[in-house]
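Worksheet: the structure to be examined is printed underneath.
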Amino acid sequence: AEDLETVARENLRGIARKWLEGKVAYEIAVTSGEPAAGIMQAVKNFGADVIVMATHGRTGSDHARLGSVAEQAVQSAPCPVVTVKPSAPATGA
């Protein structure tokens, strides 16, 4: 688990450098456990003003079985939650 957290942290640092650095304030936090609870704990720890998260767009039985972390965040967050649909892979058109 520790190796996975290290890899996740490094990947997030690369993404943050590319898309966020110099544009918005951000902090990177990587934890293990139940995702929605971890997000709510991070909101509390950092005093976040907003949550921005991607959705997988699961529907039907996948959604019913797996639930939706984004949905749980929207329902329990003490601040606004912005959900972003991941972009589709680029095609060679």
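The values are calculated or read from the model by the stated rules, or taken from the named source; none is laboratory data. Nothing here was measured: the structure is a model prediction, and the numbers come from that model. Just so you know, the surface numbers come from the protein's heavy atoms only, side chains and all, with ligands and any DNA or RNA stripped out. Shrake-Rupley method; radii C 1.70, N 1.55, O 1.52, S 1.80 Å.
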3 or more residues open to solvent by 90 Å² or more (accessible area, probe 1.4 Å) and at pLDDT 90 or above: qualifying helices (runs of 4 or more DSSP H) within the chain: 2-19, 35-46
Looking only at the stretch 8-17, which residues are among the aliphatic types (A, V, I, L, M) and under 13 Å from SER32 (Cα atoms)? ALA8
